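Engineer: Dropping a structure here in structure tokens format, bear with me for questions.
The values are calculated or read from the model by the stated rules, or taken from the named source; none is laboratory data. Note that the structure is a prediction, hence the values are computed from the model and not measured. Backbone-built Cβ (ideal geometry, glycine too); neighbour counts: all protein chains shown.
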Amino acid sequence: MDDLVSLSRNLRKRQTDAENLLWRHLRGKQVEGFRFRRQQPIGRYIVDFVCLEQRLILEIDGGQHAIEIEKDEERSNWLIAEGYSILRFWNNDVLTNLEGVLETIRLNVLPDPDNF
């Protein structure tokens, strides 16, 4: 577990441009008052961003994810089995369509009105 914590700290220091841009809009409860954490260990994995209250994970994928499909699928299946939902965005989506990405996150973090 200590290795994951060290790795997550290191990843926070070396965020991609897309992760850095998105973090500026997630931090400080800017999305509907929900708190997000970045580079958060969950089980044996580290997720890019997570809202623990809503069990929503945000993954910002670079080109390497196009070839790591099986690894990503295994990871996603485990996280979903643990009760998380996952939104994936390509780096390019964050960099060129930030408002659309934020709106998708906002819609997924809000409670479903049909459940009330």
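Engineer: Kindly indicate the residue of region 32-41 that is in contact with a strand residue (DSSP E or B) (Cβ under 8 Å, 6 or more places away or on another chain) and either basic (K, R) or at pLDDT 95 or above (or both) and also surrounded by the fewest Cβ atoms within 10 Å (Cβ to Cβ) among those meeting that condition.
Structural biologist: Only one residue fits best here, namely R35.
Engineer: Identify the residue in region 78-96 that is touching a strand residue (DSSP E or B) at 6+ places or on another chain (Cβ under 9 Å) and within 17 Å of T16 (Cα to Cα) and, among all such residues, is surrounded by the fewest Cβ atoms within 10 Å (Cβ to Cβ).
Structural biologist: Checking each candidate, the answer is R88.
Engineer: Something else about it: Within region 56-68, track down each residue that is modelled with pLDDT under 85 and closer than 29 Å to L110 by Cα.
Structural biologist: G62, H65
Engineer: When you look at R75, is it over 17 Å from T16 (Cβ atoms), at pLDDT below 95, surrounded by 12 or more Cβ atoms within 10 Å (Cβ to Cβ) and of a type outside the set (V, I, T), yes or no?
Structural biologist: When the stated conditions are applied, R75 passes them.
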